[in-house]
Amino acid sequence: MKVAEAVGRALYAAGVGQVFGVVGSGNFHVTNAMIAAGARFVAARHEGGAATMADAYARTSGEVAVVSVHQGPGLTNAMTGIAEAAKSRTPLIVLAAEVTEPRSNFYVDQEALAHAVGAVAVRVTSAEEAVEQTCGAVRLAVRERRTVLLNLPLPVQASEVPEGALAQAAPPAPRVAVEPDAAEVRSLAELLAQSRRPVFVAGRGARGARETLEALAEHHGALLATSAVARGLFHGNPWSLDVSGGFASPLAVELIQGADLIVGWGCALNMWTMRHGHLIGADATVVQVDDDPSALGAHRPVHLGVTGDVQLTARRALEAGGGVRREGYRSPETGAGLASRLRWHDVPYEDTGTRERIDPRTLGIALDEILPAERVVGVDSGNFMGYPTMYLSVPDEKGFCFTQAFQSIGLGLATTIGAALAQPDRLPVAALGDGGALMSAVELDTVRRLGLPMVVVVYDDEAYGAEVHHFGPDGHPLDTVRFPPTDIAAVARGYGFEAVTVRTRADLKAVADWVAGPRGAPLLIDAKVVADQGAWWLEEAFRGH
Ligand SMILES: Cc1ncc(C[n+]2csc(CCOP(=O)(O)OP(=O)(O)O)c2C)c(N)n1
Ligand SMILES: [Mg+2]
């Protein structure tokens, strides 16, 4: 057996069942070996899409995924998606063929590329060590939550592995949950017991810990919020504030600002989630719980940092808590406010729509009603991005996939494909700007080919709205960021989609008809949106750079 085949089989034996990619000569055999072993392969049309599909799949399924690329340009095409995954600490294997001869056309320093974007580089160096090195890469991805580039040099791929080499391939032991220090747990329990208006802000690290956090919050009368990446975690809980940060509703902002104790659970408490600290009251005590000690206080000072797994720490704090259950922040008045005024849907606004263009808020409210609630929403970057995040509700934390750590446009469609494949029973909804949609349009082909029953919503302002709203008010020329109309519905039909151009609320009838069935083809909604005003969450983005 050649190394290429052994590596593919070893990856499958190590627990990787899903591979995305664009296949060229250099990764042909290794990818086929994964498929022969039992893995599912999805061909993307661009490596950038493949990388992001794998990232979103890994995030949503909780399993390590592989993106397989050709040497050189296959890898450079994938770099934006790899940077996003690495910044998000997605356990992902980037399986890349590699040329080691600098005069080859395909040569680039692949190891340096990985380092440049925060990924770890590993190389298969010999036939003897190929299987162990492959399993080591998976171990690193799972245990350290890293995005790992596994370089497969062409000469090594062609060599023969020793007899029985695959016998040692096995899935890595899972990451061990970090037990918190007892003294730190005591301090946390004391702060909770003293607090009168506690708020929990849960991040990606809190996924899977819903019930324990809810129990602890109930004991101390805490309200529950999430960062954007964990949106949906407390869906349905009457004390949930939904998302904290730029997309938070006015009532959520008011209540978070009124907290006397904020506990971040597996959450960076970064400038987005805390609006540059604006959401933290002057006298509020801030606590952060994270199983990675380097995360504690990394974005803002905290009064107490607890190194520990979220679930374990919450459980220990519950055990240490004692005492009686308290009302805390859960007064009848707060409850009544949450029931009637929390949702963006409940916030009055003046509809700015015309016969030619729909108000994006009106669009969001209508789509939220029309589209089935069992959905998974992927969001691209741009001025529009708050609208789907604020108006489209999601059933749980797996219903929202937010690949925004690198703030790249063009990742939203591939994000939704990856998240959809991990949850085939849900309606996938991709929310894109016209800029991001046209940048990534090739993957409409992948949606159609896979038969995904996806709804793609394009918030089409015929511009890079983010830039228009940033520079327009100062009178700068905007010709570089405005475009003549593109018939994106026609583009989608070319890829085999059903498509509708939406200018008014009434045009959404076509969406309701599609939902009613049989959903034989995916649907693209080219929503010509009003673009008079910049979204205020964007101001935050420009402040933060
Ligand atoms: C890959 C990449 N290129 C450029 C940018 C800068 N940028 C940020 S938002 C944006 C405009 C996006 O336009 P569109 O998708 O139509 O969304 P809109 O802002 O109009 O709502 C651009 C070009 C970026 N973030 N990422
Ligand atoms: Mg736009």
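Read-outs throughout are calculated quantities, based only on the coordinates presented, and are distinct from any laboratory measurement. Fair warning: this is a prediction, and the values are worked out from it, not measured in the lab. As a convention, Cβ positions derive from the backbone with ideal geometry for all residues, glycine included, and neighbour counts pool all protein chains shown.
Some observations on this one:
- Taking label positions 7 Å along the Cα-Cβ direction at both Ala158 and Leu478, the computed distance is 5.7 nm, reported to one decimal.
- Amide H to amide H, with H built 1.01 Å from N, Arg375 comes under 5 Å of Leu427, counting only residues 5 or more places away or on other chains.
- Which of Gln18, Ala490, Val456, positive extreme of dipole for the chain (C-beta unit charges): Gln18
- For Thr403, nonlocal amide neighbours, meaning residues 5 or more places apart or on other chains whose placed amide H falls under 5 Å from its own, are Val379.
- Projected label points at Ala336 and Thr76, each 7 Å from Cα along the beta carbon direction, are separated by 6.4 nanometres.
- As a rough guide to protection, the peptides 227-236, 271-280 ranked by mean Cβ packing within 10 Å, highest first, stand as 227-236, 271-280.
- Environment charge of Asn32, counting only residues whose C-beta is closer than 15 Å and scoring Lys/Arg +1, Asp/Glu -1: +2
- Summing charges over neighbours of Ala419, with a neighbour being any other residue whose Cβ is under 12 Å away from its Cβ, gives +2 when K and R count +1 and D and E count -1.
- Spin-label model distance (nm) - Arg186 vs Asn237, 7 Å beyond Cα toward Cβ: 2.7
- Computed [θ] at 222 nm, deg cm²/dmol, the chain (DSSP H ≥ 4; -39,500 (n - 2.57); rounded to nearest 500): -11000 deg cm²/dmol
- Residue-wise HN-Hα coupling along segment 230-239, computed from phi with Karplus coefficients 6.51, -1.76, 1.60 (Hz; x: Gly, Pro): 9, 3, x, 4, 10, 3, x, 6, x, 9
- Tail weight of P(r) past 44 Å, computed on alpha-carbon pairs of the chain, percent: 19
- When the convex hull of its Cα atoms is projected in every direction, mean area for segment 349-544 (nm²): 10.8
- For the peptides 372-378, 241-247, the ranking by packing is 241-247, 372-378, with the highest mean count of neighbouring Cβ atoms within 10 Å listed first.
- Hz values of 3J(HN,Hα) by residue in segment 278-288 - Karplus curve (6.51, -1.76, 1.60), Gly and Pro given as x: 4, 7, 9, x, 4, 9, 6, 8, 10, 10, 10
- Rg/Rh, computed from the Cα trace of segment 1-71 with Rh as the Kirkwood radius, has the value 0.95.
- Each peptide in 463-471, 16-24 was scored by the mean count of other Cβ atoms within 10 Å over its residues; highest first, the order is 16-24, 463-471.
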